[in-house]
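First the structure, in the form of structure tokens, and then the observations on it.
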Amino acid sequence: MLGFEKLRNDVLSWLDLLKVPESCGRYRFHENAEDTIFCTCFALFILDLFGETRRFTEEHRSGWISHIQRFQNEQYGHFEP
């Protein structure tokens, strides 16, 4: 299990580097890039794989939802970058 914990810690540390500071649910390809909905959804997927989403407060969860829903086309329901 030690290998898994190291992998988990390494991946979550890397993900922290890609997070937009002082934001909720905004991620980017690299530290100097703008955030994208693709990166945000990919980060959420990774966080969920490691069980981190279970630790989200209701406020944090709502922040993620609100940010992602900003990209949803109201008329058709699909998401647009």
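Computed values, structure above
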item: Of all residues in region 15-33 being touching a residue at least 12 places away in the same chain (Cβ under 8 Å) and not in a loop (DSSP other than H, G, I, E, B), the one that is surrounded by the fewest Cβ atoms within 10 Å (Cβ to Cβ); result: Leu17
item: Single residue of region 36-81 satisfying the filter (in a loop (DSSP other than H, G, I, E, B) and of a type in the set (Gly, Ala, Ser)) that is nearest to Trp14 (Cα to Cα); result: Gly51
item: Single match in Asp35, Asp48, Asp10 (criterion: within 22 Å of His60 (Cβ to Cβ) and at pLDDT 95 or above); result: Asp48
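Residues are listed down the side, and each one gets a yes or a no for (1) open to solvent by 30 Å² or more (accessible area, probe 1.4 Å); (2) among the acidic types (Asp, Glu); (3) over 23 Å from Phe79 (Cβ atoms):
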{"site": "Arg8", "(1), (2), (3)": "yes, no, yes"}
{"site": "Asp35", "(1), (2), (3)": "yes, yes, no"}
{"site": "Ile46", "(1), (2), (3)": "no, no, no"}
{"site": "Ile65", "(1), (2), (3)": "yes, no, no"}
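The values are calculated or read from the model by the stated rules, or taken from the named source; none is laboratory data. Just so we're clear, the structure is a prediction, and the values are computed from it rather than from any experiment. So basically every Cβ, Gly included, is an ideal-geometry build from the backbone, and we count neighbours across all protein chains shown. Just so you know, the surface numbers come from the protein's heavy atoms only, side chains and all, with ligands and any DNA or RNA stripped out. Shrake-Rupley method; radii C 1.70, N 1.55, O 1.52, S 1.80 Å.
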